[in-house]
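Data block below; observations after.
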Amino acid sequence: MMSELRLHAWAALLSAAVLAGCAVTGDDPTRDPPSLTMLEPTLPNVTIYPTRVTVKNARGDVLLDGAPDKDNRLAGNPAPSQFDGTLQITTQYDNGSTKTQTLTHDPARRVGLAWDSASNQYVVRDLEAPRPADRFIGQPGWGLQIFGDYKRTPFGTTTVGSSGSPLTAHPDLSDDMSSLGVGLRRYFTALPNGVQPFAYAAFSEYFNNGASSTDLTYHFGTTPDSGASIKEQRSFLLGGGGQFALNDRLALQLMVGLHATRLQMSVFSDERSGGGPNNIFEAQKWIFGPTFGAGLSFPLLYLSGGSPLIAFLQYQGLFMRNVSVSGSSPFTLNTYSLSADGGLQNKIMFGLETRF
């Protein structure tokens, strides 16, 4: 009996303890649930790297196409030093994405491509300020020239004769002369191979411009009384050519074209020893022919506004055709004549040019 009473007592005590625990730990609808914090997983920092860079100009010519090294540097940083003012830079990244940016820039400045870690792309940066060489070749525009020149005017076989005499003479009517002139040039956009085409026009006015010779005695006396002269008065040059840089300070120019040269020719015979007149027969003619030339140019200094003052030295070869003049004396009815074979004339030009 005592055993049963103890068993019932222990069962009652256990039930009371369970009920008391439930009363303490059970849900209370009047209390807030305990707070719960969820930590979202963060992505690790991912850096993408450029794997290829392509640079084109406005015409679509590829100026650079290469892979950067581990420091994002391009081999030798070979961005074009001169371009037409617009660059299209396409960067490929190692995650497969591509970014293309179009930049404009002063074409007179030397530039380089540099990696900008803030924007994760390549940017154009100046390497140095403009120099005369940067504008003196490659940029389209106009050029105004002022020059002097030295010209040698040889003629081949020169013959002076009279219908009234078997005597003829072959005087040397070649001469050296100087001139002052002006020129105008139009420079066009440089070609992909670096050659810059241009068109040119020039005018020269000659001084000390001819030779005269009295070599024949057709009449009474011992003094030569007959001869001829050729004088060049002015010339025009018109044509085109191309220039390319030999280095940063020197450019070579080659050109072809046409020239128009104004000549004054005369043949004369003094018949006053026999009672006649002093005959002078003159003719003025424009002589046209092909021309070619070559020259060197280099910048002297840099003017305000970005225009260089350029010095140049140029050779010009002018082909002349044959010329002639004749006339008949009203006193003796003799016909006096001059004929001269054309040839190559050589001109050296030196002067200054400004670009605008």
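The values are calculated or read from the model by the stated rules, or taken from the named source; none is laboratory data. Every value quoted in this text rests on a predicted model; they were computed, and no experiment measured them. Here the Cβ is made from the backbone with ideal geometry for all residues, glycine too, and neighbour counts use every protein chain on show. Protein only, heavy atoms only, side chains kept; ligands, DNA and RNA dropped before computing areas. Shrake-Rupley method; radii C 1.70, N 1.55, O 1.52, S 1.80 Å.
Couple of notes before you dig in:
- Taken over region 291-306, the criterion of being surrounded by 18 or more Cβ atoms within 10 Å (Cβ to Cβ), polar (S, T, N, Q) and either assigned to a loop (DSSP other than H, G, I, E, B) or at pLDDT 95 or above (or both) is satisfied by 291 alone.
- Selection status of residue 134, out of contact with any Phe, Trp or Tyr (no Cβ under 6 Å at 6 or more places or on another chain), on the phi < 0 side of the Ramachandran plot, at pLDDT below 70 and not in a strand (DSSP E or B): yes
- Pairs linking a residue in region 282-297 that is in contact (Cβ under 8 Å) with a residue 12 or more places away in the chain to a residue that is not in a strand (DSSP E or B), with Cβ atoms under 7 Å and 6 or more positions apart or on different chains, are 287/320; 287/321; 289/320; 289/321.
- Leading residue by the ranking (farthest from residue 342 (Cα to Cα)) among those in region 214-268 that are among the acidic types (Asp, Glu) and outside any strand (DSSP E or B): 248
The rows are residues; the columns are (1) within 19 Å of the chain's Cα centre (by Cα); (2) modelled with pLDDT of 75 or more; (3) within 21 Å of residue 190 (Cβ to Cβ).
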position: 57; (1), (2), (3): yes, yes, yes
position: 66; (1), (2), (3): no, yes, no
position: 72; (1), (2), (3): no, yes, no
position: 77; (1), (2), (3): no, no, no
position: 83; (1), (2), (3): yes, no, yes
position: 94; (1), (2), (3): no, yes, no
position: 99; (1), (2), (3): no, yes, no
position: 104; (1), (2), (3): no, no, yes
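- Among residues that are open to solvent by 60 Å² or more (accessible area, probe 1.4 Å) and within 30 Å of the chain's Cα centre (by Cα), residue 319 is included.
- Scanning region 185-198 for residues that are aliphatic (A, V, I, L, M) and open to solvent by 40 Å² or more (accessible area, probe 1.4 Å), we see that the one that is nearest to residue 259 (Cα to Cα) is 195.
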